[in-house]
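Trainee: Can you read through this structure? Questions will come right after.
The values are calculated or read from the model by the stated rules, or taken from the named source; none is laboratory data. If you're wondering where the values come from, they're calculated on a predicted model, not measured in any experiment. All Cβ positions, glycine included, derive from the backbone under ideal geometry; neighbour counts span all protein chains shown.
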Amino acid sequence: MKRVALALTLLAAEPSFADSNLPPAYWANRQLPDARQEAQAQSLMGELRCLVCQGQSIADSDAELAGDMRDLVRRRIAAGERPSAIRTWLVQRYGTWISYKPTGEPAAWPLWLAPLALLLIGALLVGRRILLRAKS
């Protein structure tokens, strides 16, 4: 009975080790033979955010998912796809958050306008303070 329980426990735990047994993607840490294509890949990978690390680009991240994404970018560029088309596909798949390159979508407008609004409010407060001190 103990052996059956142990076997069931090991079978239940086995899927949790599945990711560590996968071989890394072929192009994850290799450069493309064509220097122009590799430069395009490096440029694009520097503009894409790692979904695991969230603070690093996929070019800088050591996460497995970032390696898979580097492999995907290099394979698509080697196949002749333009970097802009690859970025568009990744944004459609993962959302605009994946790209460090800002978009002009209306959802991003508050991010562009907030600093300007804060500067304007700060200038108005400083100007008002100066006027109040000048009167007294």
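Trainee: Please indicate, with yes or no, whether at least one residue in segment 18-30 is over 20 Å from the mean Cα position of the chain (by Cα) and at pLDDT 85 or above.
Mentor: Within segment 18-30, none of the residues are over 20 Å from the mean Cα position of the chain (by Cα) and at pLDDT 85 or above.
Trainee: Shifting gears a bit: Test each condition in (1) exposed (fewer than 10 other Cβ atoms within 10 Å of the Cβ); (2) of a type outside the set (Asp, Glu); (3) out of contact with any helix residue (DSSP H, G or I) (no Cβ under 8 Å at 6 or more places or on another chain) for residue 75 and report the one that comes out false.
Mentor: Failed condition: (1).
Trainee: Right, next: Can you tell me which of (1) at pLDDT below 90; (2) surrounded by 14 or more Cβ atoms within 10 Å (Cβ to Cβ) is the one residue 111 doesn't meet?
Mentor: With (1) at pLDDT below 90; (2) surrounded by 14 or more Cβ atoms within 10 Å (Cβ to Cβ) applied to residue 111, the lone miss is (2).
Trainee: Name the residue that is nearest to residue 32 (Cα to Cα), counting only residues in segment 90-127 that are in contact (Cβ under 8 Å) with a residue 12 or more places away in the chain, among the aromatic types (Phe, Trp, Tyr) and in a helix (DSSP H, G or I).
Mentor: Applying the filter and picking the extreme gives 94.
Trainee: Follow-up question, since we're still on this one. Looking at (1) touching a residue at least 24 places away in the same chain (Cβ under 8 Å); (2) not in a helix (DSSP H, G or I), find the lone condition where residue 77 falls short.
Mentor: Unmet for residue 77, out of (1) touching a residue at least 24 places away in the same chain (Cβ under 8 Å); (2) not in a helix (DSSP H, G or I): (2).
Trainee: Somewhere in segment 100-108, is a residue of a type in the set (A, V, I, L, M), at pLDDT below 75 and surrounded by fewer than 10 Cβ atoms within 10 Å (Cβ to Cβ)?
Mentor: yes
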